[in-house]
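Enquirer: For reference, the structure I am asking about is given below.
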Amino acid sequence: MNSPHRSLAVRELGTIEYSEALELQAHLIRERREATIPDTILLLEHPHVITLGSSSDYAHVLLDAGELEKRGIALFEVGRGGDVTYHGPGQLVVYPIMDLKPDRKDLHRYLRDLESVLIKVACSFGVQANRDPSGTGVFTELGKLGAIGVRVSSGWITSHGIALNVSTKLDFFKTIVPCGIRDCGVTSLERELQAPVCMAEVKECMVESFKQVFSL
Amino acid sequence: MPQMGESIAEGTVSKWLKQVGDTVERDEPILEISTDKVDAEIPAPSAGILVEVVVEEGETVEVGTVLALIDPEGIALVDTTPDKTLEPDLPSGPKKITELPDLVEPSLVTTQTSDVSQSAEERLRTRSTPVVRKIAAEHGIDLANIVGSGHAGRVTKQDIVAFMGSSGATGADPPTISAARARDGVPIQSEPSSLWDSFYKEVQHPEYPVRPADQVEGMDKMRRLTAEHMVVAKRIAPHVHSFIEIDFSIIDRIRTLSRSRWEAQNARVSYTAFVAWAVSRVLRDFPMVNSVVSGNNVIYRGNVNLGMAVDLDPGLIVPVVHDADHLGLIGIGNKIVDLASRARARKLMPDEIQGATFTITNPGVLGTVVGLPVIPKGTSAILGIGSIEKRVAVVTDQQTETDVVAIRKRALFSLGYDHRIVDGADAARFLSALKEMLESFPEDA
């Protein structure tokens, strides 16, 4: 009803290291909490990295440290919700640094909203993605297309976020049990469409969908 | 454990950022919790010293559970026997971290001080879990009467189930606690059935594939609640509908005769007001239509509270005219206009949308001839008013006693009723009585 007027800043960061993104997020969380910046979304890609969320099981990382290093895959334990996931080239990662106060203070709603964003983006490429009652994220018949893992810091400030497989080399997911779901395949927009997809276009759709879902 | 979202019932303590003995500032993060795919920092509700960690890392607890104690005065008062200490008797000082001002809606903002002068509402909130409060509300039980076996005297589900099994339960709902009694000396028994949770309470809507040209939008809160309510209402009550046609000639005459007087009084008496007035009087003679099936009992409501469905376009809300049978025609009319306008302005108070014992909906205002309304959960019947329009009717001329074709303002009424408690003949008698009341409407109503 009486949603405060919000604006959205979009930062395109290209490809950045996972550790760098962590630092940037920590910094932006403080700024957002102090209201020196508006709601902000970071659009980026990471080099190969496996991250473990708070409910992660190490058994879901299928390679040992040596093997990971040989393949150039970094490993991080991070303070976001969810199990293990993989990020890498061809995957659009979005980190919303948003203040959920005063009218969006509901974690489930936030997750469902992020799913809506992913569904909308997939939809604009003609890919039917759906929620799955068994877990967070969006799925097609072939598998998981987009993953979600978020953190809400003191003062209802969000960080971490969503990862959408655009042209991700899906073989890398074989190094983990994605989100702890053993039977779950993974898919990408390119796999769904059997055609190349332009990352810039996906980013555009992503920003648009964000604005729609969050009424920004 | 703070309430982090409407559908979130529990959370897991993933990490304590502060240890017992640490000084904490107000709003400083002191622990992290995780729920589903979200990690969240929980800030301290007040400054002080963390004197006790109640819930350890890795434990999952319900919303409202005490997580830790903070002593605002900095006196390290460590209570070593928290499990046996009733909350109101705690030594003054420690503040419980249950629901945190920064994380909850204003109505829930209560950082508990352990004052003896705690309000009943606060006691209720802190001494029980949502599940227990739900059971208590359904069975009209005052939690203050139960000795809790949980931490700090909290009432657990086992406690309330045991309490109901013993003697305290009345089986009534909160508004009529004192008035409830068993009819015909049948003892009232109530047991929370697990069926409630598995079938009657949880609603999951099946999902469908999205096609390329489609738009997918989340349902807003009102739509979600309405959708759940409708599914549950249909699951619980076997619906039957009966119809009757009612003539508005007399009512039209009263409206014409009274128009100038009502205008002078600034009174707003719609057709719906006439119907609500008549319904509230007729309901007195048909208690089963103003009742609800509750377990193996029937609760006959002691009040006549009429829910009046209001179209918000989009959305729908059902404000309640409480004790309608004590209001006059003008009183009901004005009340309906007031509730409807405040409903559209989103300015209703919570108790103005609760407690309906019977509902009236008016699909006719939009031209519908008749509707088959869904009976709202917790009641046994709903009346639908079809469009009131001029129709050709065969009437008997009173002077010549011959049948003639006349033009009469009429409407089809539908009564949707819970067939577990209202028989078809009851419904027919109710509708006939309503028809008679409306077709010979008292001029002094």
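Enquirer: So what is Rg over Rh here for segment B:210-332, counting just Cα atoms and using Kirkwood for Rh?
Expert: So for segment B:210-332, dividing Rg by the Kirkwood Rh gives 1.07.
Enquirer: Which distance in Å, rounded to a whole number, links the C-alpha centroids of segment A:1-74 and segment A:91-117?
Expert: With segment A:1-74 and segment A:91-117 each reduced to a Cα centre, they are spaced 14 Å.
Enquirer: Which order do the peptides B:366-379, B:18-31 take when ranked by the mean count of other beta-carbon atoms within 10 Å per residue, highest first?
Expert: Taking the mean over residues of other Cβ atoms within 10 Å, the ranking is B:366-379, B:18-31.
Enquirer: Let me ask something additional. How much of the DSSP bridge set in segment B:289-399 is antiparallel, in percent, rounded to the nearest 5?
Expert: That works out to approximately 55 percent antiparallel.
Enquirer: If you bin every alpha carbon distance in segment B:239-439 into 10 Å steps from zero, what whole percent lands in each bin?
Expert: Going out from 0 Å in 10 Å bins, segment B:239-439 shows 9, 34, 36, 16, 4, 0 percent.
Enquirer: Moving on to the next point. Could you size up the charge dipole of segment B:239-439 around its Cα centre, putting +1 on the beta carbon of Lys and Arg and -1 on that of Asp and Glu, and report it in debye to the nearest 20?
Expert: The calculation lands at about 560 debye.
Enquirer: How far is helix A:107-124 tilted off the main Cα axis of chain A, in degrees rounded to 10, range 0 to 90?
Expert: So the helix axis and the longest Cα principal axis differ by about 70 degrees.
Enquirer: Another one. Hey, with R₀ at 35 Å, roughly what FRET efficiency would B:Arg259 and B:Gln354 work out to, going by the Cβ-Cβ distance, to 0.05?
Expert: Once rounded, the FRET efficiency stands at 0.50.
Enquirer: When Cβ neighbours within 10 Å are restricted to other protein chains, what is their mean count per residue of peptide B:201-212?
Expert: The shielding value for this peptide is 3.
Enquirer: Taking amide H positions as placed 1.01 Å from N in the peptide plane, with prolines and chain starts having none, which residues 5 or more places from A:Ser55, or on another chain, fall under 5 Å of its amide H?
Expert: A:Gly82
Enquirer: Give me a comma-separated list of calculated 3J(HN,Hα) values for segment B:328-340, in order, Karplus coefficients 6.51, -1.76, 1.60 applied at θ = phi - 60°, integers in Hz, x for any Gly or Pro.
Expert: x, 4, 5, x, 5, x, 5, 4, 4, 5, 4, 5, 5
Enquirer: If you wrap segment B:342-435's Cα atoms in a convex hull and average its projection over all directions, what's the area in nm²?
Expert: Answer in nm², one decimal: 8.7.
Enquirer: Return the whole-Å distance between the Cα centroid of segment B:202-269 and the Cα centroid of segment B:317-363.
Expert: Answer, in whole Å: 13.
Every number in this text was worked out from the coordinates using simple rules, so none of it is lab data. This one's a predicted model, so the numbers in the text were calculated from it and none came from an experiment. Don't worry about glycine lacking a Cβ; one is built from the backbone with ideal geometry, like all the others, and counts go over all protein chains shown.
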